[in-house]
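We did not get these values from a lab; they are worked out from the coordinates using the rules stated. The structure presented is a predicted model; accordingly, all values stated were derived computationally and were not measured. Glycine also receives a Cβ, built like all others from the backbone with ideal geometry; neighbour counts cover every protein chain displayed.
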Amino acid sequence: MVTMDFEKQAMQARLDLAERQLLEAIERLNQLDKPSLIRDIELHIVLATVTGKPNKYIPF
């Protein structure tokens, strides 16, 4: 494991938490009887911004 200074560790911890929270929100949304496509797209865009990974709807 690469040693990171405290500020980088704190930033990474916040990003990890944001990713987990977004994934949980997406999961809850998809469990609804009538999930909102617009909300799902918005959450996936924010998730892609946080993680730097491609998202489900819009390729970068």
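Just a few scattered comments:
- The chain: angle of helix 37-51 to the longest principal axis, Cα-based, in degrees nearest 10: 10 degrees
- Label corresponding to Kirkwood radius over Cα pairs in Å when calculated from the structure given, among (1) 11.6; (2) 12.3; (3) 12.8: (3)
- Projecting the Cα atoms of Ile45, Pro35, Ala25 onto the dipole axis of the chain, where Lys and Arg carry +1 and Asp and Glu carry -1 at the beta carbon, places Pro35 farthest toward the positive end.
- Angle in degrees between helix 6-30 and the longest Cα principal axis of the chain, rounded to the nearest 10: 10 degrees
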